[in-house]
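**Q** Quick one: structure below, then a few questions.
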Amino acid sequence: MDEQKWYQFWEDSGFFKADPSSSKKPYGLLMPPPNVTGALHLGHAMEHSILDAIARFKRMQGFDVLLLPGVDHAGIQFEGTLNKLLEKEGLNKGKLGREEWLKRAWAFKDESYKSVSATWRVMGLSADWSREIFTLDPKVQKAVLHEFKTFFEEGLLYKGAYIVQWCPKDQTAIEAVEMEYEEKKEKLYFVKFKIQDSDEFITVATTRPETISADPAIAIFPGHPKFKHLVGKTAINPFTKAEMQIIEDKRIDKNFGTGALKVTPGHALLDYEIGKDHNLPILHAVDKTGRITDLDPNLKGMKASEARIKAGEILEEMGALEKVEDLTHSVPVCERCKTMVEPLVSEEFFVKMKPLGDKALTRIDEVNFIPKNYGKILADWIKEVHDWCISRPLWWGYRIPVWYCQKCNPGHEVGKDKQSLGPDGPKDMIIAFDHPTQNCQTCKLNEWVQDEKLLDTWFSSGLWPMATLGWPDQTEEFKKYFPWDFETSAGEIKYLWIARMIMLSLHFTDQIPFKNMFFHGMIRDLQGRKFSKSLNNGIDPNELRKQWGTDAVRMALYTYSAPGRDGRANKQTMDERAKNFRNFSTKLTNIARFIVDLKPTDVIATPDLIRGKQSQNKDDQDIIEKLNQTISKVTKNIDKFELHLATETLYNFIWHDLADVYIEKTKTRRAEAQPTLEYVFKISLELLHPFMPFITEELWQKMPHEGKSIMVTAWPVPGLNAE
RNA sequence: GGGUGGUUAGCUCAGCUGGUAGAGCGCUUUCUUGACGUGAAAGAGGUUUCACAGGUUCGAUCCCUGUACCACCCACCA
């Protein structure tokens, strides 16, 4: 069978296109945009097969269906993938420079996109290609700017300090997903700090003695039995001789070390937060190259790892080292170069999320979550939503649309920590994607420089339900298809993406973004691990497709589509399932051969007899009855998005009830049964079409039928179905 | 540390509102019948059974409580 022939036929017939001017009721399905970072994997194939089945089902039910396709630029993941490729050529961002690197990025994007797009089509996806969209398209850019500007005007935007993970070797900040954790055997130094004007000492356990110079305080858990009398007193920093406050904080783990922590606000998040609450200064003992700053004259210029050993020796000489223990713990390292990352504090953009979260909580019930409990999980998370750090140290994506006046504000400072930017904020700053044409209000010059950082990818993909329909403009499409009827996703990104879409959509449009939110499970390897390039455990959907046919692969994937349930697979188990459904395709072909090619010549059919209604034969009546039950059951299953049950029902009916039992029985009374055979099989094909689009079209066309394609025929209902 | 899901036949998984356990693959036997051997028929296989222990119920794989193990997500790891 030539699958692509049928695909071309459908596309040429315009069946995939939505029609906003149509009087039919709309049904919108929004494809979660795959990342343009390479070929689609098995999970995508499943997700897209689910979308397509529902789209085809709704189309047959007479809806004006919009299945909208698109791809995501996926900042972090994209850069990670591209940089690994460049590394093989001995290149990196530093060597190429921003401009050249971006050229390579676009080339890589085009290449990835080609592969994605080709896979969509061979999988049979009935998407409206005329509306295909990419997250960096002008349409989306417009929406992103509107989003940023609105937050700015509403005073929800601010710049604040944040810990970034800095890789000293690659000279770049890295994202959490770019970090790996390594179990490392380290030394835990127990350092004695002398109390000022006293003979007492306070002992603190640390793995990082080289940062002592950046410690403005020592914190103990409240009511520490040995140290509580020291709270409020001052300790002496053994390296800098500076005074160190002794404070209490409930975030200190009483069971670790001595129950006392040296606070390094410049190099650790917990310490940073403790420091913020106690108004401690942020000092940096290590610079961006990973070397000790001049804060510590003895260690200055040394690499942090060497300084650590040296610091231990110095402490020992000073008699300030109580003991050293071994400690095995996991340390974050850079995924690419395996260097230990250095946490540094930096200025980042944030969006205050509390108002958005509060609103979302009042309306989240309007979304029908499948499975149901995901609604509660999301609501729980939204209740505790923290501010969203939206700036990223990347090159691929939307650059922050903030321009600073180089003359008036060379340091790019815009307000203090957590102080809103906004209309009342600094005048030497402009929100725009393009270079501003107007002059700075203060210095009257046009010397604008854009912020170096980029927006978090989710800042744009969070708008996906809206931006894809032309929002913020009130387009015809937006009015008709928003909110979407159906959205699907892996549970994995429920916070990053789904929660954000709900919050943003309610904030900006006062509407939920989708009525049905379907969480499919993830297909993992046999050990339950995610498929990943580094583990090389992936299964190529294209390979399966070539071997077993698209319809069979789709069917195999539906067996894994139970809501919220993960599945395990390897090439072998996928082959087993696909083979089974390949055999099912063969079965269908042979049923058609029996019914159509071996059609008896002496058939006398009346319309009533064809419907099986008037047949006096018990077998005919039975199979019609079973067919009607199947129609009801399959319709119900799809309505509840239980595709694995719908396909199972159809498989059993067609193979066992129809082929094994009924057809065998008709062999003795073939001519009489022919109308019923034709009727039952044709309806079966129609029920199966959303799942196995190609084979059903091929065989349906061979059957007596009305209409151009099975794709646009009416979905069967129990009882009467027009011939 | 917080959260979520899972534990059912050798393997991968289903199991609707609680009522005597299902599929595919694999395995055994039979069938060269005129749709199909990528098939058909029959069968073995779940230790008095659905991880374990309690509870609710006339009755629990399903509901409740707890335990164990596995996996994942979030946070953290001085």
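The values are calculated or read from the model by the stated rules, or taken from the named source; none is laboratory data. Quick caveat: nothing in here was measured; it's all calculated off a predicted structure. Glycine gets a Cβ as well: all are built from the backbone with ideal geometry, and neighbour counts include every protein chain shown. Remember, those area values only see protein heavy atoms, side chains included, never the ligands or the DNA or RNA. Shrake-Rupley method; radii C 1.70, N 1.55, O 1.52, S 1.80 Å.
**Q** If I take R0 = 56 Å and measure r between the Cβ atoms of A:Lys24 and A:Ser346 in this structure, what FRET efficiency does the formula 1/(1 + (r/R0)^6) give, to the nearest 0.05?
**A** 0.60
**Q** So, one more: Compute the normalised compactness of the range A:275-344: alpha-carbon radius of gyration over 2.2 N^0.38 Å, N being the residue count.
**A** That works out to 1.30 for the range A:275-344.
**Q** HN-Hα J couplings of the range A:237-245 from phi, Karplus 6.51/-1.76/1.60, θ = phi - 60°, integer Hz, Gly and Pro as x?
**A** So the Karplus estimates, Gly and Pro as x, are 5, x, 8, 9, 6, 6, 7, 10, 6 Hz.
**Q** Report the FRET efficiency, 1/(1 + (r/R0)^6), for A:Val603 and A:Val661, where r is their Cβ-Cβ distance and R0 is 22 Å, rounded to 0.05.
**A** Details: r = 21 Å, r/R0 = 0.97.
Taking R0 as 22 Å, the efficiency between A:Val603 and A:Val661 is 0.55.
**Q** Hey, another quick one. Calculate the length of the line joining the C-alpha centroid of the range A:358-377 to that of the range A:222-260, in whole Å.
**A** Spelled out, the Cα-based centre of one part sits 44 Å from the other.
**Q** Send over a whole-number figure in Å² for the accessible area per residue of chain A, probe 1.4 Å. Let's see the in-between values first.
**A** Numbers: 31020 Å² over 723 residues.
With the other protein chains kept in place, chain A gives 43 Å² per residue.
**Q** Another question, then. Measuring from label point to label point, each 7 Å out along Cα→Cβ, what is the A:Gln196 to A:Leu85 span in nm?
**A** A separation of 5.9 nm, rounded to one decimal place.
**Q** A:Asp12 versus A:Gln572, label points 7 Å from Cα toward the beta carbon: distance in nm?
**A** The two pseudo-label positions are separated by 4.5 nm.
**Q** Quick one: of A:Lys169/A:Lys194; A:Lys187/A:Lys338; A:Lys139/A:Lys479; A:Lys114/A:Lys372; A:Lys276/A:Lys376, which pairs are farther than 26 Å apart, Cα to Cα?
**A** Numbers: A:Lys169/A:Lys194 36 Å; A:Lys187/A:Lys338 19 Å; A:Lys139/A:Lys479 16 Å; A:Lys114/A:Lys372 37 Å; A:Lys276/A:Lys376 33 Å.
In this structure, A:Lys169/A:Lys194; A:Lys114/A:Lys372; A:Lys276/A:Lys376 exceed 26 Å between Cα atoms.
**Q** Could I ask something else about it? Output the 0 to 90 degree angle, nearest 10, between the alpha-carbon long axis of helix A:500-509 and the longest principal axis computed from the alpha carbons of chain A.
**A** 80
**Q** Place a +1 charge on the Cβ of each Lys and Arg in the range A:347-405 and a -1 charge on the Cβ of each Asp and Glu, then give the dipole magnitude about the Cα centre in debye, rounded to the nearest 20.
**A** Details: 9 positive and 8 negative charges, 27 e Å.
The calculated dipole for the range A:347-405 is roughly 140 debye.
**Q** How large a share of the accessible area of the range A:24-103, in percent, is made up of carbon and sulfur atoms when the probe is 1.4 Å and the other protein chains stay in place? Before the final figure, lay out each step's value.
**A** Numbers: 1420 of 2600 Å².
Within the range A:24-103, the accessible surface is 55 percent carbon and sulfur.
**Q** Output the 0 to 90 degree angle, nearest 10, between the alpha-carbon long axis of helix A:618-639 and the longest principal axis computed from the alpha carbons of chain A.
**A** Rounded to the nearest ten degrees, it is 20.
**Q** Something else: If the chain between A:Cys443 and A:Glu317 were fully stretched, how many nm would it gain, using 0.36 nm times the residue separation less the Cα-Cα distance?
**A** 39.7 nm
**Q** Also, quick follow-up: Summing -39500 (n - 2.57) over the DSSP H runs of n ≥ 4 in chain A and dividing by its residue number, what mean residue ellipticity at 222 nm do you reach, to the nearest 500 deg cm²/dmol?
**A** Details: 21 runs with 263 residues, N = 723.
Theoretical 222 nm ellipticity from helices: -11500 deg cm²/dmol.
**Q** List the aspartates and glutamates whose alpha-carbon lies under 16 Å from that of A:Lys359, not counting same-chain residues fewer than 8 positions away?
**A** A:Glu154, A:Asp380, A:Glu384, A:Asp387, A:Asp510
**Q** Looking at the square roots a ≥ b ≥ c of the eigenvalues of the Cα gyration tensor of the range A:76-212, which shape do they give, rounded for a/c under 1.5, prolate if a/b is larger than b/c, or oblate?
**A** Prolate, because a/c is 1.5 or more and a/b exceeds b/c.
**Q** Using only Cα atoms, what Kirkwood radius does chain A have, in angstroms?
**A** Kirkwood radius, chain A: 29.6 Å.
**Q** Additional query: Could you work out how much longer the chain between A:Gln141 and A:Lys303 gets when fully extended? Use 0.36 nm per residue separation minus the Cα distance between them, nm to one decimal.
**A** Separation in residues times 0.36 nm, less the Cα-Cα distance, equals 54.0 nm.
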